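One structure below.
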Amino acid sequence: MPVPDHRPFAFPFDTRVHSEVFERLAWLRENEPATRVVIASGHEVWLVTRYEDVRRVLRDRRFSVTANTAPDAPRLFTTPFPPDVSLLRDTEPPDHARLRRLVMPEFRARQVQRSLPLIQSITDGLLGDMAETGPPADLVADFARPLPMAVICVWLGVPVEDSDLILALVDRMNGQGPLERITAAQREMSDYLATLTDSRRAAPGDDLFSALVTAHDERGALSDAELTGMGVSLLFAGHTVVTSALAAALRTLLHRPTDLAGLRDDPALVQSAVEELLRYHLVLRDGQIRVATEDVDLAGVTVRAGESVVASLNSANHDPDAFADPELLDLGRDPNPHVAFGHGIHRCLASHLARAELRIGLTSLLSRFPGLRPADPEASADWKEHRRLQSLAALPVTW
C-alpha cells in the first residue's frame, strides 16, 4: 500500500525518493483527495491533492493565510518569525495588495527582460571560474547556489560580499536544528536587514531595497515590521526555490542523456523545458497552508471554520486530470498549467525572475561544457536536512 495504513499520518512523507512520493500522492488523489495528516507543528490538518481542489484552496478567499500567524496555529515550519517581522506570505488584502504593489513593477516580465544581460554576466562569471578551476566541480556549491543569490543581491542592493553570510543564515533558518539555532538565525537576519536599512537611508542606491526604505520613510507606505519582512521575503523568494529547482533539473538531465543532448542541441527548447522541469520536480515537499474562515465543502468533505488545509502543489502538478502522462518528463509539454509557483494572489512574485535564471543557467552551462556528466553516475542523491525543501547538498560533475 503506497500510504501508511494508519490515520492521520505524518506529512510530508518520510521519503525523498521521487517515485515513492508521487505513488503515495497518486493513491490519495484517487482514494482520499481530502485526508487528515499531521504536519511539522504537530497539528492535525486536511491535505488536498487534486489539481482543481488545490487551485480552489489557493484562490478562494474563504481560505485565509493570516490565521496561520497565531502563536498556536498549525504551521508547516516549526519556528515562526518574531512579531516584528511581517512576511508578505502572511498578509491578506488590502495589506497584501498594498505591499505587493510596492515591489511588483520590479518583477514584471518586461523588467526581468531588461535584466537578462545582468543574469547572463553573473552566469558567465561562475562558469568561467568553474572552467579555470577545472573538473571535477560541484554544481550546487559552484553554480546553483551562487547564481540566484548573486542576482538577488544586485536586485536588492545587498553587497555581494555578504552573500555567503546570507546563504548560511537561510540554511540555518530552513534546517532542522535546535529551536535556539533557528531563532538566532532569524534574529541575525533581521539585524542584518536593519543595518542594510540604515545604510540605504544614508546613501540610497538604484536598487529595490533603497526604494522600499524611501517608501517607508517618506510615504509611510509600509511599517518597520513590513520593511524587514519584505527583505526576508525577497531574499527567500529570490534564491531558495531557484537553487533547489536548478540543482534538481540538472541532476535529472544529467541522468537522462537523451534529454540532456536534446536541450543542448536545441536551446530554443529551454522555455518549455523549464516549465516541465518545474512541474515535474519536488522542490517544496509539503505545499501551502490556509485556514478556513467558514465551513466549506471541499473534495467530498466539509472543512469546518478554523480548520487548516494544506494544498499539495506537487500532487496537483502530477494530476492526470490536468496533465497527460504526468509521470513522463516531456521537455516539450505544451500547454503546461503547473502550479509550482502557487496560484491566486499569493503566487510567487519572483516567478519571472526565477524562470529567466533557470533558462540562462541551463543553456549557458550546457553550451560551455558540452561534455558535462556526473562524476559518479551510480551515486545516490545527497539531500540537505531541510524539512520543507527537497534540496540537493551536492552534485559532483566532470566534463
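Remarks
- With respect to the stated conditions, ASP325 fails to be assigned to a loop (DSSP other than H, G, I, E, B), over 16 Å from the mean Cα position of the chain (by Cα) and closer than 24 Å to ALA144 by Cα.
- Where PRO33 falls short, out of the listed (1) at pLDDT below 95; (2) over 28 Å from MET230 (Cβ atoms); (3) touching a helix residue (DSSP H, G or I) at 6+ places or on another chain (Cβ under 7 Å); (4) not aromatic (Phe, Trp, Tyr): (1)
- In the range 272-291, residue farthest from the chain's Cα centre (by Cα) [restricted to those that are crowded, with 23+ Cβ neighbours inside 10 Å and of a type in the set (Lys, Arg)]: ARG290
- Residue satisfying condition, being in a loop (DSSP other than H, G, I, E, B) and either without any contact (Cβ under 8 Å) to a residue 12 or more places away in the chain or under 30 Å from VAL37 (Cα atoms) (or both), within set ASP297, ASP319, ASP330: ASP319
- The residues on offer are THR69, THR79, and the sole one that is within 19 Å of the chain's Cα centre (by Cα) and either more than 27 Å from ASN317 (Cα to Cα) or without any contact (Cβ under 8 Å) to a residue 40 or more places away in the chain (or both) is THR79.
- If the condition is being small (Gly, Ala, Ser) and either in contact with a strand residue (DSSP E or B) (Cβ under 6 Å, 6 or more places away or on another chain) or more than 22 Å from ASP164 (Cα to Cα) (or both), then the range 189-204 contributes ALA202, ALA203.
- So VAL85, is it farther than 26 Å from ALA350 by Cβ, touching a residue at least 24 places away in the same chain (Cβ under 8 Å), among the hydrophobic types (A, V, I, L, M, F, W, C) and in a loop (DSSP other than H, G, I, E, B): no
- Residues located in the range 37-64, provided they are crowded, with 20+ Cβ neighbours inside 10 Å, assigned to a loop (DSSP other than H, G, I, E, B) and of a type outside the set (Lys, Arg): ILE39, THR49
- Count of residues meeting criterion [outside any helix (DSSP H, G or I), touching a residue at least 24 places away in the same chain (Cβ under 8 Å) and of a type in the set (A, V, I, L, M)] in the range 189-243: 2
- Note on the range 89-135: among residues that are touching a strand residue (DSSP E or B) at 6+ places or on another chain (Cβ under 8 Å) and modelled with pLDDT of 95 or more, the one that is surrounded by the fewest Cβ atoms within 10 Å (Cβ to Cβ) is PRO135.
The values are calculated or read from the model by the stated rules, or taken from the named source; none is laboratory data. Since this is a predicted model, take the numbers as computed values, not measurements. When we count neighbours, we look across all protein chains shown, and the Cβ atoms used for this are built from the backbone with ideal geometry, even at glycine.
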